[in-house]
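Report on the structure given below.
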């Protein structure tokens, strides 16, 4: 492999790495949403917590992103979080596939 090919390969990998980081930041920002006076991030952790509470409680008090205790309806918040999570992950995957093809 000559020097020019090596430089091009390194640039492509660097560009791909930067694009992945930008994509992550973009979609992590889109995971935020407001509900019942609190700010939430759709995440596996939130969805798991709400799923664990769903069989026992209708309403629970949990901390939002700013660590404020908020009374939430478990079913409603779980539904919103899961919907937001899946929409954004589908968009993230589609854009990731596009940048991976360029590499």
### Task
Take residue 74 and decide whether it is surrounded by 11 or more Cβ atoms within 10 Å (Cβ to Cβ), modelled with pLDDT of 95 or more and touching a strand residue (DSSP E or B) at 6+ places or on another chain (Cβ under 7 Å).
yes
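Results for (1) within 30 Å of residue 22 (Cα to Cα); (2) in contact with a helix residue (DSSP H, G or I) (Cβ under 7 Å, 6 or more places away or on another chain), shown as yes or no for each residue.
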{"site": "46", "(1), (2)": "yes, yes"}
{"site": "51", "(1), (2)": "no, yes"}
{"site": "56", "(1), (2)": "no, no"}
{"site": "64", "(1), (2)": "yes, no"}
{"site": "71", "(1), (2)": "no, no"}
{"site": "81", "(1), (2)": "yes, yes"}
{"site": "84", "(1), (2)": "yes, no"}
{"site": "92", "(1), (2)": "yes, yes"}
{"site": "95", "(1), (2)": "yes, yes"}
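Might you let me know whether the stretch 55-63 holds any residue that is crowded, with 16+ Cβ neighbours inside 10 Å, assigned to a loop (DSSP other than H, G, I, E, B) and either modelled with pLDDT of 95 or more or more than 16 Å from the chain's Cα centre (by Cα) (or both)? First the steps, then the outcome.
Initial filter on the stretch 55-63 (crowded, with 16+ Cβ neighbours inside 10 Å): 60, 62.
Of the ones still in play, those that are also assigned to a loop (DSSP other than H, G, I, E, B) are none.
No, every residue in the stretch 55-63 fails to be crowded, with 16+ Cβ neighbours inside 10 Å, assigned to a loop (DSSP other than H, G, I, E, B) and either modelled with pLDDT of 95 or more or more than 16 Å from the chain's Cα centre (by Cα) (or both).
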### Task
Just need a number here: residues in the stretch 32-55 that are closer than 12 Å to residue 65 by Cα and touching a strand residue (DSSP E or B) at 6+ places or on another chain (Cβ under 9 Å).
11
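The values are calculated or read from the model by the stated rules, or taken from the named source; none is laboratory data. For clarity, every value in this text was computed on a predicted model and none was experimentally measured. Cβ: placed from backbone, ideal geometry, glycine included. Neighbour counts: every protein chain shown.
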